[in-house]
1. If you take the residues of the range 280-301 that are surrounded by fewer than 20 Cβ atoms within 10 Å (Cβ to Cβ) and in contact with a Lys or Arg (Cβ under 9 Å, 6 or more places away or on another chain), which of them is nearest to ARG91 (Cα to Cα)?
2. Within the range 151-160, can one find any residue that is of a type in the set (S, T, N, Q) and buried (at least 23 other Cβ atoms within 10 Å of the Cβ)?
3. With the condition kept exactly as written, say whether any residue in the range 51-64 is over 19 Å from the mean Cα position of the chain (by Cα) and assigned to a helix (DSSP H, G or I).
4. Taking the condition of being among the aliphatic types (A, V, I, L, M), in contact (Cβ under 8 Å) with a residue 40 or more places away in the chain and over 25 Å from ARG107 (Cβ atoms), how many residues in the range 30-52 meet it?
5. Of a type in the set (Lys, Arg) and free of Cβ contacts under 8 Å to residues at least 12 places away in the same chain - does that describe any residue in the range 119-135?
6. Within the range 60-74, identify whether any single residue is within 16 Å of the ligand (Cβ to nearest atom) and crowded, with 21+ Cβ neighbours inside 10 Å, and answer yes or no.
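The values are calculated or read from the model by the stated rules, or taken from the named source; none is laboratory data. Just so you know, these numbers come straight off a predicted model, no measurement behind them. Neighbour counts run over all protein chains shown; Cβ positions are idealised from the backbone, glycine included.
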Amino acid sequence: MIGSRMYVYKQDPSIKEPGLRSTFIPSEVLKGPKDQLVRIADVPEITPDENGDFLIDLVEDKQSNLDKLRLQFDAVHTFAVCRQVLTMYERAFYRMGILKEEDKNERGIFDFRKKWGKRLDLYIRAEKGKLSARYTSGVHTIFFGYKKDVFTCRSFDIIAHETGHAVLNAIRGEQKTNHSKEAIALDEAFCDLTAIFTLLSQMDMCEAIIAHSKGDLRTTDDFFFSCIAEEYGVDKYKRFALRDISKKYKYETVVANKKYDQYDLSLVFSSAVYHFLTEVFKDHFYPEKYDPAETLFWLGKMITEVTLGAYYEAASELHYDFKTIAKKMISLVQKVERKEYHDCLNKKRRWEIRLLKIFIEHEVL
Ligand SMILES: [Zn+2]
């Protein structure tokens, strides 16, 4: 059986004590861990057990060994989360069926490796004293900083966000990047959404989100996604929790503030996408017929496809701005809508109209 089991930190804020969980990577993972796409680059190679699994157990009574175990655990955890993001996007591309021939590998899957020209390197203890992580496209590497007992590589949202930058690099290539504030904001929005999409691609997280929100994703006072990973010390510094996109950010309001930066601007776009999710979720909320967690899981996949597809299609065009991506999302949403199988409270109201209205409301269109 190909694939590996790995232990990762369980990123569920509803669990009082941070725990571990196992996860399955359904492709071949070699010692490192590394595979065709990703490699842990700054830790002595970890060898899988005889079943091909990487089950590093953080047992507190092995004190003499604990630092080494933690380092190994972090390596496996970081590899696993990064790989989950890439696999999620490979599948979304596959379902969409929009890939150009030259972008597919022999199995018909998006060819990250060819686009990158090398593996994505992960340095999990890169920068001492720095509570930040960054993807550097020149060397195609993610560097994770750490300070005292806080390690940014332990945060699911940080790994997912930085992996999002590497995904954009594959989609667009280095030469296409323009450095306008809006272009950088679009990148940041994609990466924040990547963290949310990756959570929504896990069924147990969908259940936790439903329990937390009681099925009303529109509540703005307690944004579930911002609580992720706080147990790992990140939230202590109030710097890394996922940006709260549950409020409605409008374009003109953001740019009216003279000090706005690309991160503020990114919220306009990411919050619009998030609002689309909350609205279609409400339309499909029939707990007597469908488990709401299942509905959320399915809608999460739909919005992942539409967002990824829009960035992919925009890559071959001249313009990389809010309007271009928004229009592409509206046209792509019709494509995925045809696959709809759940009842909808408001059948007549088509998804593309709904998405158009939201982008207008956020002053993107
Ligand atoms: Zn970023």
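1. LYS301
2. Residues of the range 151-160 of a type in the set (S, T, N, Q): 152, 155.
Next, only the ones that are buried (at least 23 other Cβ atoms within 10 Å of the Cβ) stay: 152, 155.
Yes, there is a match, as at least one residue in the range 151-160 is of a type in the set (S, T, N, Q) and buried (at least 23 other Cβ atoms within 10 Å of the Cβ).
3. Here is the first cut: in the range 51-64, the residues over 19 Å from the mean Cα position of the chain (by Cα) are 51-64.
Pick out the ones that are also assigned to a helix (DSSP H, G or I) and you get 63-64.
Looking for residues that are over 19 Å from the mean Cα position of the chain (by Cα) and assigned to a helix (DSSP H, G or I), one finds at least one in the range 51-64, hence yes.
4. Kept after step one, since they are among the aliphatic types (A, V, I, L, M), are these residues of the range 30-52: 30, 37-38, 40-41, 43, 46.
After this cut, where a residue has to be in contact (Cβ under 8 Å) with a residue 40 or more places away in the chain as well, the list is 37-38, 40-41, 43.
When the remaining residues are screened for being over 25 Å from ARG107 (Cβ atoms), the result is 41, 43.
The qualifying residues number 2.
5. To start, the set of residues in the range 119-135 that are of a type in the set (Lys, Arg) comprises 119, 125, 128, 130, 134.
Then keep just the ones that are free of Cβ contacts under 8 Å to residues at least 12 places away in the same chain; that gives none.
Within the range 119-135 (the criterion being of a type in the set (Lys, Arg) and free of Cβ contacts under 8 Å to residues at least 12 places away in the same chain), the answer is no, since none of the residues qualifies.
6. In the first step, residues of the range 60-74 are kept if they are within 16 Å of the ligand (Cβ to nearest atom); the result is none.
Scanning the range 60-74 turns up no residue that is within 16 Å of the ligand (Cβ to nearest atom) and crowded, with 21+ Cβ neighbours inside 10 Å.
One line per residue, one yes/no per condition, for (1) of a type in the set (Lys, Arg); (2) in contact with a Phe, Trp or Tyr (Cβ under 9 Å, 6 or more places away or on another chain):
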site: ALA80; (1), (2): no, yes
site: LEU86; (1), (2): no, yes
site: TYR89; (1), (2): no, yes
site: ALA92; (1), (2): no, yes
site: GLU101; (1), (2): no, no
site: ARG107; (1), (2): yes, no
site: LYS114; (1), (2): yes, no
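Results for (1) touching an Asp or Glu at 6+ places or on another chain (Cβ under 9 Å); (2) surrounded by fewer than 22 Cβ atoms within 10 Å (Cβ to Cβ), shown as yes or no for each residue.
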| position | (1), (2) |
| --- | --- |
| ILE98 | yes, yes |
| GLU101 | no, yes |
| ARG125 | yes, yes |
| THR141 | yes, yes |
| LYS148 | no, yes |
| GLU162 | no, no |
| LYS181 | yes, yes |
